[in-house]
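The values are calculated or read from the model by the stated rules, or taken from the named source; none is laboratory data. Keep in mind that this is a model prediction, so the values were computed, not measured. Cβ sites come from the backbone with ideal geometry, for glycine too, and all protein chains shown count toward neighbours. Only protein heavy atoms, including side chains, enter the accessible area calculation; ligands, DNA and RNA are left aside. Shrake-Rupley method; radii C 1.70, N 1.55, O 1.52, S 1.80 Å.
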Amino acid sequence: MNDEIIIGIDLGTTHSLVGVVDSGFPIVLANEKGERLLPSCVTWPIGRDPLVGTEAMRARALAPARTVASIKRFMGRTFADLSIEERSEPPYRLVPGSRGEILVALDEKTLVSPEEVSAFILARLKETAEAALEMPVSRAVVTVPAYFNHSQREATRRAAELAGLTVERILNEPTAAALAYGLDRLGESATVAVYDLGGGTFDLSVLQLREGFFEVIATAGDTRLGGDDLDLALARFLAGELDLGVLSEPEEATLRMRAREAKEALSSEERVVVRLPFFRGESSYEVEITRERFEKLALPLIERTGPICRRAFAEAAEKGAAAVEKLILVGGSTRIPLVRTKLKEWLGLEPDLSQHPDEAVALGAAIQAGMLCGRVRQILLVDVTPLSLGIETFGGLMNVIIPRNSTIPVKAGELFTNAVDGQASMAIRVLQGERELAKDNWLLGEVTLPFTPGPKSSARVGVQFAINRDGILEVLARDTATGEDHVLEIRDAAVDVEDEAVERMISESIDYAFDDMNERIWTEAKFKSEELLPAVAGALEWVGDRLEEDERSAITTAAKRVREILEAETHDAAALKKANAALDEATQTLAALLVEAAFEG
Amino acid sequence: MTNPFAILGLPESLLLDPAAIETSWREHHRESEAASAGDASDHNRARALLSDPISCLAAWLEVKAPAIAPDRSIPPALMDLFAKIGPVLARTDALLARHRQATTALARALLTKDCITAQLEVQALLQEIQPVKATFLDRFAAFEKAAEHEDFAAAAAALGPLKFLKKWEEQCRERLLALIAT
C-alpha cells in the first residue's frame, strides 16, 4: 500500500470541493469555517493578496472587473473560439494573449490566465486538505467534464501543477459521480445514466457495470451550457421587468447574484421576491417571480439537453448496452424541478435522488484517489474519449484516426503519403471534433515533417495517436524511410496566430471595445432578427390558427417592435437584442406547436 | 499493428464469439491493471478491431496473407447504392448546417418536419446497406474454409466492398444520431 495520500478534487464552474478516503469511506473535507463548497471565485483587491472562495464572492458586486468567477468556461480555449456574447458575458474583461489564448485583464497592466485563476482555487483546496489531514498533500485526482477536449484537460493539469499538485489521474465527472453512487447498490450487471448539469457545462454519460468492470459506453454533451446561463436569463428578465436600462458592471454583478439566489430558492418555493436595496443610488427595487415564470425562462435552455440525452441513449443502445435502469443527477442545476419533470418525460425514468448533487463528483474523485493509493478496493474503471481525433487530409477534410467513444487508453495510427510530385514535407494538423471539414473542428496543434522529395505516393509517413487514461493525446509522426520520429507536443489550446491577427484581436478587444461593441452586437442581433421575422411569418401561416388570440397578438406586437428598431436610423443594439429576446419568448408556444404539427405529418 | 488475435490470446478466426472477445479482453485488462505495466491501449485496440467484423477481416488478412493488397475502388455492384447515398448525405448535411445556424427556437422548430423526413430517408438507406453487408458477412465461414487451402482471394475481394459499406453505414449512423439530437 502506498501511504502517501492522494486527494480527490472537483474543480467546478461555480463551486469546487476536495475529498479523501478516510477509514475506507470517501468524505468531503471542510475548511476552517466548516464550509465544504468553495465558490470557484478569485478576487484581486488593489494592494492586497488575492482572496479566494466566499470572500471573493462577496467582492463581486464591489469590484466585478477584478473578481473572476466561472473561469472553467474559458479553460483551454482560444480567444478566437469565443462568441461575441461569451466575450461580453463576464463582468470581468477578457483579452487575447500573444498566442491567441484567453487572458483576464484585471486592469490595464495586470493579466491573468484561466489556469492561474484555477490554480488559486486548487491551492486553496490543497490548503483545506492539508489543514484537515494535518499533513502535506502533493498528489491529486482532478475531475473534468466528460466533454472536455484535449486542450481543456491539459489546461486543468497545468493549473494543478501551478498549485503545487501532481495530477495522478484526470477523471471524467460523470464517471466520478457513478463511482460515488456506489457500486454496492447496483447488482452484478447494471446500466446507469449520469445527467450532469453543472454551472457551465452539461454532459450525459451511459455507464455499464459488468463482471467487475465499470465501463463508460457513450457520452455526449455541450461544453457551453449550464446553470450560469439560467442565472443570466433570469437576470436579463429581471432587468427588463424593472426597466433598469443599461446596467453598470457592479449593478450587473449584483443582479446576477440575486438572480442566482432566486433561482435556487425557486427549486423549493413557488414564488420569491427579488430585492435590490439601494441598487442605483438611493433607488431600491423589488419584483416577485414565480416558479412558473422562471420555468418558462429556463425551458429553452433545459430543452437543449433533451436531444443530447437521446443521442447518448441511442449510441449506447447501438453498442449493445442493456436498457438504462438508473438515472443519477449531478450538478446544482438538477435541483430545478423542471429538469426532473423533463427527464421523466423524455427518458421515462424516475431520477435517483439519493446522491447529493453537489458532492457526488468530489466523492467519486476521492474514491478514485483512494484506489490509486491503495486505500480502497480496486474497481476497474474503463472510460472513453468523448471526441474523435484525426488529422487534416487533402481537400481540407478531417480524417478520423481515433473515433469518439473509443475505450481509453488507446493507440491508433495510419500511413499517409505525398499527394504531389516533388513534395518535400507534410504538414500534420491534429484535429479534434465530429465535423467532416477540418476547419470546423478544433485544431490542437501542427507539425511539419520533412522528407526526401520524390514522385507522388513515394513518401510514407506513419502517424500514431495515443490517448492516455487522462484523455490526453500524444502524436508521433514517423518518416518510414528514415525512421525519423517527430513527437508533436500538444500542450496548449492556443496555436501560433499571425502577429497581425493577434494585434487585430487585441485592438478589437481593448482599444476599440466601446466604439465597436455596439456595432458588433447590432450585427449579431440583426442577423437574429432576420432569422426570426420570416420564421414568425411562416409559422403563423402554418399553425397560427391553433394559437389563442392573446398569444397571437403578443407575437405580432413583438415582431412589430423588432421591425421598428431594425428600420430606425440609429443602430440601437441593446434595444434590438431586447426586442429579439421578447419575440423569441413570445414565440415559445408557436415553436412547440410547429414541432407538434411536424410529428402529426 | 501487432496481431490483435495474439494480443487477446484468441484464435486467428473470422468467426469469433463476441462473448469470448469480451471475456478475454477483461482478463487481459485486469492483469495489466494489476501489474500496472501491461499496455491496456493494445488490449483496447485489439478488442475494438476484433469486435467489428470488417476490421476483424482486415486484421485476419493482414496476419494470414500480408502480401495481398485490398482493392480500393467501389465495386460496380455497389455503384447504385453509392449513387443513392451521396445525395441523401449531402441533403442531410445541408439541413444539419441550417439547424446549427438557427439561433432561435422558432427557426429550429420550422426545420422539424425536414428533420423527420431526413431521418426516415437515412433510416431507409441503412436498411438498404445492412442486407448487402450481411451477404458478405455470411461468407466468412467460406473464407475460413478457403484459407485452409491458402486461398484468400475471395476474402480479399470482399474487404474493399465491406470497407465501403462500413463507411457508408457509419456516415448514415452519424447523420441519424445528429438528426436525433436536433
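Things to note:
- Residue that is farthest from the other protein chains (Cβ to nearest Cβ) [pool: residues in the range A:314-339 that are open to solvent by 50 Å² or more (accessible area, probe 1.4 Å) and in a helix (DSSP H, G or I)]: A:Arg335
- The listed residue being in contact with a strand residue (DSSP E or B) (Cβ under 8 Å, 6 or more places away or on another chain) and either open to solvent by less than 40 Å² (accessible area, probe 1.4 Å) or more than 11 Å from every other protein chain (Cβ to nearest Cβ) (or both), out of B:His29, B:His99: B:His29
- Any hit, the range A:453-468, residues being within 14 Å of chain B (Cβ to nearest Cβ), surrounded by 14 or more Cβ atoms within 10 Å (Cβ to Cβ), on the phi < 0 side of the Ramachandran plot and not in a strand (DSSP E or B): yes
- Filter result for A:Glu168 (more than 14 Å from chain B (Cβ to nearest Cβ) and of a type outside the set (A, V, I, L, M)): no
- Test for B:Lys64: is it more than 14 Å from chain A (Cβ to nearest Cβ) and surrounded by 13 or more Cβ atoms within 10 Å (Cβ to Cβ): yes
- Summed over the range B:143-182, the residues that are open to solvent by less than 60 Å² (accessible area, probe 1.4 Å), assigned to a helix (DSSP H, G or I) and farther than 28 Å from B:Leu120 by Cβ give a count of 10.
- Condition check for A:Glu108 on (1) of a type outside the set (Phe, Trp, Tyr); (2) under 22 Å from A:Ala63 (Cβ atoms); (3) in contact with a Leu (Cβ under 6 Å, 6 or more places away or on another chain): one failure, at (3).
- Looking across the range A:221-249, just one residue is open to solvent by 30 Å² or more (accessible area, probe 1.4 Å), touching a Leu at 6+ places or on another chain (Cβ under 7 Å) and over 30 Å from A:Cys309 (Cβ atoms), and that is A:Leu247.
- Within the range A:391-413, the residues that satisfy the criterion of being at positive phi and among the small types (Gly, Ala, Ser) are A:Gly395, A:Gly396.
- Taken together, the residues in the range A:13-67 that are closer than 19 Å to A:Ile367 by Cβ, part of a strand (DSSP E or B) and either without any contact (Cβ under 8 Å) to a residue 12 or more places away in the chain or in contact with a Cys (Cβ under 7 Å, 6 or more places away or on another chain) (or both) amount to 2.
- Residues considered: A:Ala146, A:Ala160, A:Ala190, A:Ala180. Of these, the only one that is closer than 18 Å to A:Leu387 by Cβ and either crowded, with 24+ Cβ neighbours inside 10 Å or not assigned by TED's automatic domain parsing to the domain that holds A:Asp231 (or both) is A:Ala146.
- Condition check for A:Ile308 on (1) open to solvent by less than 40 Å² (accessible area, probe 1.4 Å); (2) farther than 17 Å from A:Gly198 by Cα: one failure, at (2).
- Residue ID - least open to solvent (accessible area, probe 1.4 Å), chosen from residues in the range A:362-397 that are without any contact (Cβ under 8 Å) to a residue 24 or more places away in the chain and within 13 Å of another protein chain (Cβ to nearest Cβ): A:Met371
- Residue within the range A:204-216 that is basic (Lys, Arg), under 25 Å from A:Gln588 (Cα atoms), within 14 Å of chain B (Cβ to nearest Cβ) and open to solvent by 20 Å² or more (accessible area, probe 1.4 Å) present: no
- Among the residues making up the range A:209-220, those that are under 20 Å from A:Arg311 (Cβ atoms) and among the hydrophobic types (A, V, I, L, M, F, W, C) are A:Val216, A:Ile217, A:Ala218, A:Ala220.
- Failed item in (1) open to solvent by 10 Å² or more (accessible area, probe 1.4 Å); (2) touching a Phe, Trp or Tyr at 6+ places or on another chain (Cβ under 8 Å), with A:Pro136 passing the rest: (2)
Residues checked against (1) under 18 Å from A:Arg256 (Cβ atoms); (2) in contact with a Lys or Arg (Cβ under 8 Å, 6 or more places away or on another chain):
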{"site": "A:His15", "(1), (2)": "yes, no"}
{"site": "A:Leu29", "(1), (2)": "no, yes"}
{"site": "A:Lys33", "(1), (2)": "no, no"}
{"site": "A:Leu38", "(1), (2)": "no, yes"}
{"site": "A:Pro45", "(1), (2)": "no, yes"}
{"site": "A:Leu51", "(1), (2)": "no, no"}
{"site": "A:Ala61", "(1), (2)": "yes, no"}
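- Checking each residue in the range A:269-301 for being in a helix (DSSP H, G or I) and either touching a residue at least 60 places away in the same chain (Cβ under 8 Å) or open to solvent by 50 Å² or more (accessible area, probe 1.4 Å) (or both) picks out A:Glu292, A:Arg293, A:Phe294, A:Lys296, A:Leu297, A:Ala298, A:Leu299, A:Pro300, A:Leu301.
Yes/no per residue for (1) charged (D, E, K, R); (2) at pLDDT 90 or above; (3) within 18 Å of A:Ala265 (Cα to Cα):
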{"residue": "A:Arg311", "(1), (2), (3)": "yes, no, no"}
{"residue": "A:Ala316", "(1), (2), (3)": "no, yes, no"}
{"residue": "A:Ala321", "(1), (2), (3)": "no, no, no"}
{"residue": "A:Val324", "(1), (2), (3)": "no, yes, no"}
{"residue": "A:Leu329", "(1), (2), (3)": "no, yes, no"}
{"residue": "A:Thr334", "(1), (2), (3)": "no, yes, yes"}
{"residue": "A:Leu343", "(1), (2), (3)": "no, yes, no"}
{"residue": "A:Pro357", "(1), (2), (3)": "no, no, yes"}
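- Meets criteria (closer than 30 Å to A:Leu415 by Cβ, modelled with pLDDT of 90 or more and not basic (Lys, Arg)) for B:Ile74: no
- Selected residue [aliphatic (A, V, I, L, M), open to solvent by less than 10 Å² (accessible area, probe 1.4 Å) and touching a strand residue (DSSP E or B) at 6+ places or on another chain (Cβ under 6 Å)] from A:Leu51, A:Leu37, A:Leu17: A:Leu17
- Restricting A:Ala598, A:Ala592 to residues that are buried (at least 19 other Cβ atoms within 10 Å of the Cβ), within 12 Å of another protein chain (Cβ to nearest Cβ) and not charged (D, E, K, R) narrows the list to A:Ala598.
- If you go through the range A:412-435 and keep only what is charged (D, E, K, R), surrounded by fewer than 19 Cβ atoms within 10 Å (Cβ to Cβ) and either over 15 Å from A:Asp479 (Cα atoms) or more than 12 Å from chain B (Cβ to nearest Cβ) (or both), you end up with A:Asp421, A:Glu434, A:Arg435.
- Checked against (1) away from chain A (no Cβ under 14 Å); (2) modelled with pLDDT under 95; (3) open to solvent by less than 30 Å² (accessible area, probe 1.4 Å), B:Phe140 meets all criteria but (2).
- Put simply, of A:Glu564, A:Glu500 the only residue that is open to solvent by 30 Å² or more (accessible area, probe 1.4 Å) and at pLDDT below 90 is A:Glu500.
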